[in-house]
Amino acid sequence: MSARRRRAATEQEEEEEVAEAGSDKEVDLEERLHELDLRSDLDIPDVPPPTDSTPEILKRALSGLSTRWKNWWIRGILSLVMISGFFLIIYLGSFMLMLLVLSIQVKCYHEIITIGYRVYHSYDLPWFRSLSWYFLLCVNYFFYGETVADYFATFVQRREQLQFLIRYHRFISFALYLTGFCMFVLSLVKKHYRLQFYMFAWTHVTLLITVTQSHLVIQNLFEGMIWFLVPISSVICNDITAYIFGFFFGRTPLIKLSPKKTWEGFIGGFFSTVVFGFIFSYFLAQHQYFVCPVEYNSETNRFVTECEPSELFQMKKYSVPPLLQALLGWEMVNMYPFQMHSFALSTFASLIGPFGGFFASGFKRAFKIKDFADTIPGHGGIMDRFDCQYLMATFVHVYITSFIRGPNPSKLLKQLLILQPEQQLSVYKTLKSHLIEKGILQPSLRG
């Protein structure tokens, strides 16, 4: 018995030693991986600071001013130039606005991807830039193809070469993406797996931020130019007025991510933006060009904005709340219902929209850069000016689908016209039977 006990004790001790050795190996492995992560992070080079792209004529004209006031004038002058260009594009029509959105999307994508490339280019990762742009083309092909199929159905129906692309659009899009996916797997290099997968995720998050949101901007535009202009203008107004109030009255820091942001600027920007949105909406609601859904006329090959304005854009009388009656001296007020919705849009642009800018500030601090690029003197890159717009675009799309959009007879009719004659006849018989049961059609029309 004693010999058996000694053998059992010996075996138990050996098992404990093996377990301890395995545990030590796991600890050593975790420590080595942790050290590798730290070493990789320390090896990341800093992104070089952007160069000063201010035109020489402005530099000479403002040379006598302090840095603070020089930046003020540069930002102000360039802001007026950009706003003027924006109004010119609005005048040119919906198609030019879509091209503008696409151009901004590509530039924002380029700025974010370039930061990743500059930070990690010393590793000589294969195919990184090529695959990044390839995935951008794939995702844009998918989204814009969906838009063509949705809003240009009649145009597509008349061209046989496009019918194949539209019918198998999602399969083609998926095949294109799979090609890029396989190319990425083939590009994996030993000792850089973790970094390559990190950059793969970098590319896809960038696509989510830029391409998806810009697609929503275009979707909002098709609902009527007013749904495009009021949100974008509200963000611009908030950005400008918050800067002005903060410049002259700012004393109390708002958030550590953006040391220059102040509570005075935040509050002043909020009230200014709400008032601006209310007045700007009143002006736009009077014109069909801004309130009518954007539709494509296949006969003239042009975008048209002609319609009978919906109830949102028809003047109505509203009773003033008792508290405001004493202040304003009015019992009733005439206004467009859309102006009430503009209050919600302006509020979001003022209170939540800036968090898109705070997010971008955190991103820039993580990589020790001041701006995404130096495209616009005094402002930074395109992404620095549109970091809040993407968040706003998502809110507007959700707002429209939740509270505004109803059945669209024009869009439904376009879908019916694509069907085969037998399918159209079946829809007609079903609809006719339904209308007779509802008592809308006369019984004499049976048969």
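Tell me, which helices (runs of 4 or more DSSP H) lie completely within the stretch 117-204 with 1 or more residues that are at pLDDT below 85 and in the same structural domain as VAL106 (by the TED database)?
128-151, 153-157, 160-167
Please list, ordered by first then second residue, the pairs with beta carbon atoms under 6 Å, 6 or more apart or interchain, first in the stretch 160-189 and in contact (Cβ under 8 Å) with a residue 40 or more places away in the chain and over 27 Å from LEU419 (Cα atoms), second assigned to a loop (DSSP other than H, G, I, E, B) and open to solvent by 70 Å² or more (accessible area, probe 1.4 Å).
So the pair list comes out as SER187/TRP127.
For every residue, the table says whether it meets (1) outside the structural domain of VAL148 (by the TED database); (2) charged (D, E, K, R); (3) touching a helix residue (DSSP H, G or I) at 6+ places or on another chain (Cβ under 6 Å).
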{"position": "LYS261", "(1), (2), (3)": "no, yes, no"}
{"position": "PHE271", "(1), (2), (3)": "no, no, no"}
{"position": "SER281", "(1), (2), (3)": "no, no, yes"}
{"position": "ALA285", "(1), (2), (3)": "no, no, yes"}
{"position": "TYR289", "(1), (2), (3)": "no, no, no"}
{"position": "CYS292", "(1), (2), (3)": "no, no, no"}
{"position": "ASN297", "(1), (2), (3)": "no, no, no"}
{"position": "THR300", "(1), (2), (3)": "no, no, no"}
{"position": "MET315", "(1), (2), (3)": "yes, no, no"}
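Looking at the structure I just gave you, is ILE400 at pLDDT below 85 and either assigned to a helix (DSSP H, G or I) or surrounded by 19 or more Cβ atoms within 10 Å (Cβ to Cβ) (or both)?
no
Among the candidates PHE338, PHE355, PHE343, single out the residue that is open to solvent by 30 Å² or more (accessible area, probe 1.4 Å) and touching a residue at least 60 places away in the same chain (Cβ under 8 Å).
When all the criteria are applied, what remains is PHE343.
Return the total of residues in the stretch 65-88 being without any contact (Cβ under 8 Å) to a residue 12 or more places away in the chain and surrounded by 17 or more Cβ atoms within 10 Å (Cβ to Cβ).
1
VAL275 fails exactly one of the following numbered conditions: (1) farther than 21 Å from ILE232 by Cα; (2) open to solvent by 30 Å² or more (accessible area, probe 1.4 Å). What is the number of that condition?
The single condition VAL275 does not satisfy is (1).
Within the stretch 172-189, is even one residue open to solvent by 60 Å² or more (accessible area, probe 1.4 Å), in contact with a helix residue (DSSP H, G or I) (Cβ under 9 Å, 6 or more places away or on another chain), over 21 Å from ALA360 (Cα atoms) and β-branched (Val, Ile, Thr)?
Checked against the condition, which is being open to solvent by 60 Å² or more (accessible area, probe 1.4 Å), in contact with a helix residue (DSSP H, G or I) (Cβ under 9 Å, 6 or more places away or on another chain), over 21 Å from ALA360 (Cα atoms) and β-branched (Val, Ile, Thr), the stretch 172-189 yields at least one hit.
Filter the stretch 213-270 down to the residues that are in contact with a Pro (Cβ under 8 Å, 6 or more places away or on another chain), part of a loop (DSSP other than H, G, I, E, B) and either buried (at least 21 other Cβ atoms within 10 Å of the Cβ) or among the hydrophobic types (A, V, I, L, M, F, W, C) (or both) and list them by number.
Across the stretch 213-270, the qualifying residue is only GLY224.
I'm checking my understanding of the structure. Among residues of the stretch 294-316 that are of a type in the set (Phe, Trp, Tyr) and modelled with pLDDT under 85, which one is farthest from PHE278 (Cα to Cα)?
TYR296
Looking only at the stretch 358-381, which residues are open to solvent by 30 Å² or more (accessible area, probe 1.4 Å) and assigned to a helix (DSSP H, G or I)?
PHE359, PHE363, ARG365, ALA366
Considering only the stretch 278-313, state which residues are open to solvent by less than 80 Å² (accessible area, probe 1.4 Å), farther than 17 Å from ASN220 by Cα and assigned to a helix (DSSP H, G or I).
Within the stretch 278-313, just PHE280 meets the criteria.
The values are calculated or read from the model by the stated rules, or taken from the named source; none is laboratory data. Source: prediction; values computed, not measured. Quick reminder, even Gly has a Cβ in these numbers, built from the backbone with ideal geometry, and neighbours come from all protein chains shown. For accessibility, only protein heavy atoms count, side chains too; no ligands or nucleic acids. Shrake-Rupley method; radii C 1.70, N 1.55, O 1.52, S 1.80 Å.
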